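Here's the structure, in structure tokens; my notes come after.
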Ligand code: PMT
């Protein structure tokens, strides 16, 4: 282990998209590849943490020394995150969870019909907001994917979901956000600390995020 600054800490991370089915063939999802969350899991394990990774459907290898739980839907992610939440010191939600799912999932393939098709959607549970409401010892970090007024909306989510910190991606910036191997983010803590991290690989960004969290925890303990 290189610089085990997270040894003795347990870290729970969510990564990737969720998949909300219409029928056995079709589903709603988003462009998250899981790379950011997997990079966080790998860096946390490399620096001594005990890591649990709750992963949506992605095409990535499990990082070394990481316990991985695969889920498909927002509801399954909700169940697993709640299950593991009480035992972890640091919880980071890098997943891009579907905000809506079809009210009905058909058992058989939906047949083509004349005219347009409407699919009625309902809200999924806001996992992060619920964890924020029930947290005790945990240091809780959310991600925000925004396309405009990124700091403003990030700050709003930080307060509304009772987070300790939020990592904001401007998903429209070149080299940032969904699918890319690099990211550009701003880390904002509830205490008002703000740091912009310049474009770097998702692994380098992950390590910097973990160092900032560790620093915040050390400051709290003072
Ligand atoms: O996976 P990659 O391709 O590497 O891309 C990385 C990423 C861009 C997906 C990632 O860095 C990121 O920004 N993840 C959060 C994306 C997102 O869904 O943002 P949001 O603003 O919709 O949600 C804010 C926060 O609430 C997130 O921490 C999200 O996990 C959480 N949330 C959202 C909805 C919901 N129903 N439950 C949640 O917990």
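The long axis of helix 35-46 is offset from the longest Cα principal axis of the chain by roughly 30 degrees.
The angle between the Cα long axis of helix 202-221 and the longest principal axis of the Cα atoms of the chain comes to about 60 degrees, rounded to the nearest 10. With contacts taken as Cα pairs under 8 Å and at least 6 residues apart, the chain reaches a relative contact order of 19 percent.
Between residue 217 and residue 59, the modelled label-to-label distance comes to 3.5 nm, taking each label 7 Å out from Cα in the direction of the beta carbon. Here the spin labels are modelled as points 7 Å beyond Cα on the Cα-Cβ line, and at residue 23 and residue 147 they lie 2.9 nm apart. Cβ-Cβ distance of residue 122 and residue 72, R₀ of 22 Å, FRET efficiency by 1/(1 + (r/R0)^6): the value works out to about 0.80.
Rounded to the nearest 5, the antiparallel percentage of DSSP beta bridges internal to the chain is 40%. Is any residue of the range 164-190 close enough, with backbone N under 12 Å, to a label point placed 7 angstrom from the Cα of residue 196 along the Cα-Cβ axis, and if so, which? Only 170, 184-187 pass the distance filter.
Write down the percent of antiparallel bridges among all DSSP beta bridges whose residues are both part of the range 97-222, to the nearest 5.
Numbers: 14 of 20 bridges.
Here the antiparallel bridges make up roughly 70 percent for the range 97-222.
State whether the range 98-155 is rounded, prolate or oblate according to the following rule on the C-alpha gyration tensor (a ≥ b ≥ c being the square roots of its eigenvalues): a/c under 1.5 gives rounded; otherwise a/b larger than b/c gives prolate, and the remaining case gives oblate. Oblate is the answer for the range 98-155, as a/c is 1.5 or above yet b/c matches or exceeds a/b.
Restricting the calculation to Cα atoms, the range 114-222 yields a radius of gyration followed by a Dmax of 16.4, 67 Å.
Provide the gained length on full extension for the span residue 129 to residue 178, in nm with one decimal, where the gain is 0.36 nm per separating residue minus the Cα-Cα distance. Provide the component values of the computation, followed by the final result.
Numbers: separation 49, 0.36 × 49 = 17.64 nm, distance 2.21 nm.
Gain on extension, residue 129 to residue 178, equals 15.4 nm.
Taking square-rooted eigenvalues a ≥ b ≥ c of the alpha carbon gyration tensor, is the chain rounded, prolate or oblate, where a/c under 1.5 means rounded and, failing that, a/b exceeding b/c means prolate?
In terms of gyration-tensor shape, prolate.
Annotation: peptides 64-74, 86-96, ranked by per-residue average of other Cβ atoms within 10 Å with the highest first, follow the order 86-96, 64-74.
The numbers here are math on the coordinates, done by the rules we state, and not lab data. Keep in mind that this is a model prediction, so the values were computed, not measured. Please note: Cβ atoms are built from the backbone with ideal geometry, for glycine as well, and neighbour counts cover all protein chains shown.
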